[in-house]
Amino acid sequence: MRRPCRVVAPVAVALLLSGCPEDTPPATGPAAETVSPKDSPIQYKVLKDETANNAVDYHVLVADTTQHDDVQKLLEYLYRHVMTRGDVEPASMGGFVYTSEAAYSTPPRTPIAQVVRKSGEIGPSFENKVPLEFWQEVKEALEPRGPDGKPTARRDEKWTLKLKVERDDAQKTLTLTQPYTEPGEDKWAASLSFNQAMQEFSDTTRALFGNVPDLNGLTFVGLWNDKEVVRIALSRGDYNAVNLNDIDERIGEHHGTAFLKLATGKGTDQSVAKENAAVIAKEYKAMFAKLKGKATVSPTLK
């Protein structure tokens with residue numbers, strides 16, 4: 001016996017075809033963005049804004065001329081923005097900055113900077129690969145360091161006898177005028193030897209050429225008792241040729257030899273100190289020969 005056909009209402013048919021409303025996956029985060037919000041420190045284009053399982057993956061494009069400090073401000077902004085824009089704070093986030101769409105679309109992706117907070121971590125980690133500007137490199141290289149290697153405040157900021165730095169940003173060169181003072185005091189050193197003056201020059205020069213990749217040339221001027229006692233000019237080529245790192249290493253070996261002589265009774269304090277000072281001075285004078293007239297030191301320094 002044939003059963004009568006059921007008549008299904010059009011609305012019911014539509015529901016059957018589309019699925020029940022409760023079957024639709026709930027939204028997992030705010031609507032994806034395409035451009036930077038108005039309060040962003042710099043403008044950017046959003047390459048990807050995706051939220052899945054309460055984890056945000058955010059990729060943005062900025063101008064290729066954007067500088068280090070601006071990128072850092074953007075990273076800090078992206079973290080605050082992504083973590084607070086929704087009703088629920090993401091469990092984790094990754095914000096990535098690019099200067100070309102190719103760097104984003106070509107695997108492996110190569111962002112110039114990123115901020116990441118993994119699930120369970122208290123705070124974010126930042127990575128900014130944009131090089132510092134020349135003046136920033138110089139400032140960082142000259143910052144005093146504590147025993148832990150971290151920068152500390154300069155003591156001589158308000159001194160009369162303080163370090164003077166003159167930059168030529170176009171040529172990427174420096175003139176550094178260093179007063180020889182008593183350690184930690186705003187007054188001239190009571191005495192100054194040739195080796196002490198050269199050690200100050202060596203430490204400063206290695207810090208600059210070693211940590212300022214853009215530095216092309218340095219003129220070091222040493223002052224003592226209001227008089228110029230040291231003037232040494234060297235290019236990066238000169239710096240590489242004299243190899244101050246090797247000189248410093250050999251001087252360390254000379255100090256070690258002197259200590260051994262004293263420990264084994266092969267000389268008095270006075271005789272060993274005199275001999276050690278002579279071999280160290282010889283190292284620096286050999287450096288002068290390589291600089292071919294670019295270094296002058298007052299004969300008053302012994």
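The values are calculated or read from the model by the stated rules, or taken from the named source; none is laboratory data. Just so we're clear, the structure is a prediction, and the values are computed from it rather than from any experiment. Positions of Cβ are backbone-derived with ideal geometry, glycine not excepted, and every protein chain shown enters the neighbour counts.
Quick grid of which residues meet (1) of a type in the set (D, E, K, R); (2) touching a residue at least 12 places away in the same chain (Cβ under 8 Å); (3) outside the structural domain of residue 55 (by TED's automatic domain parsing):
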| site | (1), (2), (3) |
| --- | --- |
| 81 | no, yes, no |
| 124 | no, yes, no |
| 134 | no, yes, yes |
| 140 | yes, yes, yes |
| 145 | yes, no, yes |
| 163 | no, yes, yes |
> Of the numbered conditions (1) charged (D, E, K, R); (2) touching a Phe, Trp or Tyr at 6+ places or on another chain (Cβ under 8 Å); (3) surrounded by 16 or more Cβ atoms within 10 Å (Cβ to Cβ), residue 302 satisfies every one except a single condition; which is it?
Replying inline: (3)
>> Out of the residues in region 172-193 meeting the condition of being among the charged types (D, E, K, R) and more than 22 Å from residue 294 (Cβ to Cβ), tell me which one is surrounded by the most Cβ atoms within 10 Å (Cβ to Cβ).
In response: 186
>> Test of understanding: among 181, 106, 175, which residue is in the same structural domain as residue 73 (by TED's automatic domain parsing) and either at pLDDT 95 or above or small (Gly, Ala, Ser) (or both)?
In response: 106
>> Given (1) over 23 Å from the mean Cα position of the chain (by Cα); (2) within 30 Å of residue 134 (Cβ to Cβ); (3) modelled with pLDDT under 95, identify the lone condition not met by residue 69.
In response: (1)
> Restricting to region 49-68, what's the tally of residues that are without any contact (Cβ under 8 Å) to a residue 60 or more places away in the chain, more than 22 Å from residue 102 (Cβ to Cβ) and surrounded by 13 or more Cβ atoms within 10 Å (Cβ to Cβ)?
Replying inline: 3
> Which of the strands (runs of 3 or more DSSP E) contained wholly in region 215-302 include at least 1 residues that are over 32 Å from the mean Cα position of the chain (by Cα), of a type outside the set (Phe, Trp, Tyr) and closer than 26 Å to residue 161 by Cβ?
Replying inline: 227-235, 295-297
> Taking region 53-64 as the region of interest, how many residues are outside any loop (DSSP other than H, G, I, E, B) and either among the charged types (D, E, K, R) or modelled with pLDDT under 95 (or both)?
Replying inline: 1
>> Looking only at region 112-148, how many residues end up being in contact with a helix residue (DSSP H, G or I) (Cβ under 8 Å, 6 or more places away or on another chain), in a helix (DSSP H, G or I) and not small (Gly, Ala, Ser)?
In response: 5
>> Restricting to region 162-212, name every residue that is assigned to a helix (DSSP H, G or I) and among the acidic types (Asp, Glu).
In response: 200, 203
>> Among the residues in region 69-78, are any touching a strand residue (DSSP E or B) at 6+ places or on another chain (Cβ under 8 Å) and polar (S, T, N, Q)?
In response: yes
> So, in region 135-172, of the ones that are modelled with pLDDT of 85 or more and of a type in the set (A, V, I, L, M), which residue ends up farthest from the chain's Cα centre (by Cα)?
Replying inline: 161
>> Being under 26 Å from residue 228 (Cα atoms) and touching a Pro at 6+ places or on another chain (Cβ under 6 Å): is that true of residue 161 here?
In response: yes
> So, in region 174-197, of the ones that are of a type in the set (S, T, N, Q) and touching a Leu at 6+ places or on another chain (Cβ under 7 Å), which residue ends up farthest from residue 208 (Cα to Cα)?
Replying inline: 193
>> So, in region 169-199, how many residues would count as being within 18 Å of residue 235 (Cα to Cα) and either in contact with a Pro (Cβ under 6 Å, 6 or more places away or on another chain) or in contact (Cβ under 8 Å) with a residue 12 or more places away in the chain (or both)?
In response: 9
